[in-house]
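S.K.: Shown below is the structure under consideration.
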Amino acid sequence: MTVDIDKTGPEDTPPTPKAGPEAIKAIPVRHYGRYVSAVVAIALFAAIVYAFSQGKINWGAIPEYFFDQRILDGVGNTLILTVLSMAIGIAGGILLAVMRLSKNPVTSSIAWFYIWFFRGTPVLVQLIVWFNLGLVFEYINLGPFYRDEWSDFMTPMLTALLGLGLNEAAYMAEICRAGLLSVDEGQSEASHALGMSHGKTLRRIVIPQAMRVIVPPTGNEVINMLKTTSLVSVVQFSELFRQAQDIGQTSGAPVEMLFLAAAWYLIMTSILSVGQYYLERYYARGSSRSLPPTPLQKIKATVFSVRRPKGVAA
């Protein structure tokens with residue numbers, strides 16, 4: 001007689017499937033402070049707009065003169081003065097930074113005195129002093145090459161370039177010096193061990209790495225220089241602010257022309273800010289694993305984050 005033996009045990013019995021975990025219902029956090037601050041900000045903005053709209057200001061004069069040829073000439077002169085002054089400032093700043101870091105006590109002392117003097121005196125005072133140096137130097141005499149009276153030599157354009165450019169060099173010197181010091185000394189030591197000269201080490205090794213530290217504050221200096229050009233109106237240079245003042249005096253709308261000039265300054269600084277962002281992003285490639293998103297990428301991320309992916313319950 002054959003007996004069938006059941007060899008299956010408890011361990012061979014498949015386990016009973018358990019019910020899955022209950023879905024978590026996420027409740028968004030309410031940020032009431034954000035709503036209150038947004039309402040307060042909108043109310044303040046509306047109050048300011050209403051106050052200006054009720055003021056005795058001829059708002060129609062702003063679009064009437066916004067693209068006036070004199071204003072456009074002032075904008076062009078402002079941009080040219082900004083570029084040339086920053087070129088002088090950057091070139092002088094790099095030279096002064098290298099001199100400041102030099103082991104030669106004479107060159108480092110000269111650089112220190114220059115930075116101390118030009119950073120310690122207001123740029124408006126420097127502009128006026130440059131314009132009135134004819135009281136000290138009646139003539140400028142360069143031998144057989146050039147000789148003229150100081151008043152004819154020191155034009156408003158040259159005064160503006162010297163006043164703004166030489167003052168900016170003092171600030172750029174400290175920015176460049178901070179950037180050069182941010183590079184590890186081992187980089188220079190390794191370059192010298194490979195037989196590279198000091199100048200070649202600066203050009204090929206140190207300065208490219210220091211740009212990551214130098215570029216952000218330099219961008220701020222460019223934007224600040226654009227606005228500082230308004231000071232050269234005291235030396236009769238026809239930049240944007242000067243042209244707006246002249247039109248305001250002849251048109252009887254001096255305050256309106258100041259608003260017009262402010263609008264142009266905002267446009268130019270906004271464009272420069274965008275350029276500064278992409279320049280900083282370019283030099284940040286070697287310092288971070290992922291580059292920061294561009295404004296367009298941020299907008300796309302915000303738009304697409306509103307859409308819910310398929311298969312996700314509301």
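Please treat every number below as a calculation from the coordinates, not as lab data. This structure is a prediction, so every number in the text was calculated from the model and none was measured. With ideal geometry, Cβ positions are generated from the backbone for all residues, glycine too; neighbour counts draw on all protein chains shown.
S.K.: What does the extension gain come out to for ILE24 and TYR146, with contour length at 0.36 nm per residue minus their alpha carbon separation?
M.R.: 35.4 nm
S.K.: Hey, what do the phi angles of the stretch 29-43 turn into as Karplus ³J(HN,Hα) couplings, whole Hz, using 6.51/-1.76/1.60 and θ = phi - 60°, x for Gly and Pro?
M.R.: Once rounded to whole Hz, the list reads 6, 8, 9, 5, x, 5, 5, 5, 5, 5, 5, 5, 4, 5, 5.
S.K.: Kindly provide the Kirkwood hydrodynamic radius of the stretch 60-286 in Å, to one decimal, from all pairs of distinct alpha carbon atoms.
M.R.: It works out to 19.8 Å.
S.K.: Per 5 Å bin, what is the whole-percent P(r) computed from every C-alpha pair distance within the stretch 162-214?
M.R.: Whole-percent P(r) values from 0 Å outward: 4, 21, 24, 18, 14, 9, 5, 3, 1.
S.K.: In nm, give the distance between the simple-model label positions of LEU135 and ASN224, each being 7 Å from the Cα along the Cα-to-Cβ direction.
M.R.: Those two pseudo-labels are separated by 2.9 nm.
S.K.: Now a separate question. In nm, give the distance between the simple-model label positions of ASP73 and ALA47, each being 7 Å from the Cα along the Cα-to-Cβ direction.
M.R.: Taking the simple label geometry, ASP73 and ALA47 are separated by 4.4 nm.
S.K.: If you don't mind, another one. Run the numbers for VAL83 and ILE57: contour at 0.36 nm per residue of separation, minus the present Cα-Cα distance, in nm.
M.R.: Answer, rounded to one decimal: 5.9 nm.
S.K.: When only DSSP loop residues count, what chymotrypsin sites (Phe, Trp or Tyr not before Pro) in the stretch 140-171 have their Cβ near at most 11 other Cβ atoms within 10 Å?
M.R.: PHE145, TYR146
S.K.: Quote the FRET efficiency, to the nearest 0.05, computed for SER251 versus TYR278 with a Förster distance R0 of 30 Å and r equal to the Cβ-Cβ distance.
M.R.: It comes out at approximately 0.20.
S.K.: While we're on this one: Given a Förster distance of 45 angstrom, what is the FRET efficiency for ALA263 paired with LEU194, based on the Cβ-Cβ distance and rounded to 0.05?
M.R.: Computed FRET efficiency for ALA263 and LEU194: 0.25.
S.K.: Shifting gears a bit: Shape of the stretch 22-131 from its Cα gyration tensor (a ≥ b ≥ c, root eigenvalues): rounded if a/c is under 1.5, otherwise prolate when a/b > b/c, or oblate?
M.R.: Details: a/c = 3.02, a/b = 1.46, b/c = 2.08.
Oblate shape, in that a/c is at least 1.5 and b/c is the bigger or equal ratio.
S.K.: Report the local net charge at ASP73: Lys and Arg +1, Asp and Glu -1, summed over other residues whose C-beta lies under 14 Å from its C-beta.
M.R.: Working: positive: ARG70, ARG242; negative: ASP68, GLU239, ASP246.
It works out to a net charge of -1.
S.K.: Which whole-number percent gives the relative contact order of the stretch 159-246, counting Cα pairs below 8 Å spaced six or more residues apart?
M.R.: Numbers: 47 pairs, mean separation 29.0, N = 88.
Averaging sequence separation for qualifying contacts and normalising by length gives 33 percent for the stretch 159-246.
S.K.: Can you give me the pair-distance distribution of the stretch 209-265, C-alpha pairs, 5 Å bins, whole percents?
M.R.: 4, 18, 20, 19, 12, 8, 7, 6, 3, 2, 0
S.K.: To continue, here is another question. Want the number for ALA178 to MET211: 0.36 nm per residue separation, take away the alpha-carbon distance, what's left?
M.R.: On the way: separation 33, 0.36 × 33 = 11.88 nm, distance 1.04 nm.
That pair, ALA178 and MET211, stretches by 10.8 nm at full extension.
S.K.: Suppose only helical runs count, i.e. DSSP H with n ≥ 4. What mean residue ellipticity at 222 nm does that imply for the chain under -39500 (n - 2.57) per run, divided by all residues and rounded to the nearest 500 deg cm²/dmol?
M.R.: One gets -21500 deg cm²/dmol as the mean residue ellipticity at 222 nm.
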